[in-house]
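**Q** Sharing a structure here in structure tokens format.
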Amino acid sequence: MTTPAPLPVLAVLCCVLYTVCAARLRRRGDRWPVRRDAGFWLGGGLLVAAFAVPWEAWLAPFTAHMAAHLTAGMVAPIPLVLARPVTLALRTLPPPGRRALVRITRSRPVAALVLPPVAAAVDIGGLWLLYRAPVPSAWHHSPLLTLHLFAAGVLFTFALLAVDPIRHRPGTAVRGGTLLAAAAGHAVLARSLWATGPPGTAHTPADLHSAAQLMYYGGDAVEVALALVLASQWYRAQGRSFRAHRGTRQAATA
């Protein structure tokens, strides 16, 4: 896969911009955990690796393709989303830029797109289209496809974790149910690739099997990580609710 030079450079520039904005926030006395900076750089580094690492030098062609796509579309989005870039932008942009960003994040099209079931359909549906529809074989080697999978993965992770401000924050049950459905769709697709490669492609059975295993078990690992984040969010919310309820009862009996 030939990587357009601007893509890794753009990823690094975004990381630098994030660091500058976070430093500006801290200089004025606001709290912004350093772990978020590290997470954003980690996500950016994984995205660069998806494009720049010579996967095919170490792995069979389809397995190399799967490693790049798994890195860009499933692994890199998690630390990037947990770094809360939208929240950082809202806290550092000048008032006109902040108002414009709020209008965008609260618009009806964006609100619909970040609904977890819609985001899952875009992400997992795109994978089914890529691997099961008769698309041109050149698509499988296009850097723009990897960029699309990254964007779809960020959308799904953003909608699922909901750590940045959005118009309507779905409950944990909706987000957890969406994750289970997406994981099932991803697993079924991986199992199907064990038997038959994408239409119009020719890969050895050993290559198909290793790629399918990577997709299946790698997807499982990412989905478990997302489930742990959701569980942590639910636990913290329950703790806040319990403390608030206890405080109300104490005030009422005082």
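Derivation of every value follows stated rules applied to the coordinates shown; laboratory data play no part. What you are looking at is a predicted structure, and each value in this text was computed from that prediction instead of being measured. When we count neighbours, we look across all protein chains shown, and the Cβ atoms used for this are built from the backbone with ideal geometry, even at glycine.
**Q** Please find, in a Gaussian network model of the chain (springs between Cα atoms separated by less than 10 Å), the residue of Arg27, Arg84, Arg169 whose mean-square fluctuation is greatest.
**A** Arg27
**Q** Which loop trypsin sites (Lys or Arg not before Pro) in region 52-120, with loop taken from DSSP, have no more than 14 other Cβ atoms within 10 angstrom of their Cβ?
**A** Arg106
**Q** Can you give the calculated 222 nm mean residue ellipticity of the chain, where each DSSP H run of n ≥ 4 adds -39,500 (n - 2.57) and the sum is split over every residue, rounded to the nearest 500 deg cm²/dmol?
**A** Working: 12 runs with 195 residues, N = 254.
Helix-only estimate at 222 nm: -25500 deg cm²/dmol.
**Q** I need the phi-derived Karplus couplings for region 147-160: 6.51 cos²θ - 1.76 cosθ + 1.60, θ = phi - 60°, integer Hz, Gly and Pro marked x.
**A** 5, 5, 5, 4, 4, 5, x, 5, 4, 5, 5, 4, 5, 6
**Q** How many angstrom separate the Cα center of region 212-228 from the Cα center of region 24-97?
**A** Cα centres, region 212-228 to region 24-97: 18 Å.
**Q** Give me a comma-separated list of calculated 3J(HN,Hα) values for region 102-111, in order, Karplus coefficients 6.51, -1.76, 1.60 applied at θ = phi - 60°, integers in Hz, x for any Gly or Pro.
**A** So the Karplus estimates, Gly and Pro as x, are 4, 4, 5, 5, 9, 6, 4, x, 5, 4 Hz.
**Q** Another question about this same structure. Contact order normalised by length for the chain, with contacts defined as Cα pairs under 8 Å and 6 or more residues apart; what percent is it?
**A** Relative contact order of the chain: 22 percent.
**Q** Using θ = phi - 60° and the Karplus curve 6.51 cos²θ - 1.76 cosθ + 1.60, what whole-Hz ³J(HN,Hα) does each residue of region 117-124 get, with Gly and Pro shown as x?
**A** So the J values, rounded to whole Hz, are x, 5, 4, 5, 5, 5, 6, 6.
**Q** Note down the magnitude of the dipole of the chain about its Cα centre, charges +1 on Lys and Arg C-beta and -1 on Asp and Glu C-beta and zero elsewhere, to the nearest 20 debye. All intermediate terms of the calculation are to be shown ahead of the outcome.
**A** On the way: 24 positive and 8 negative charges, 391 e Å.
Its charge dipole is roughly 1880 debye.
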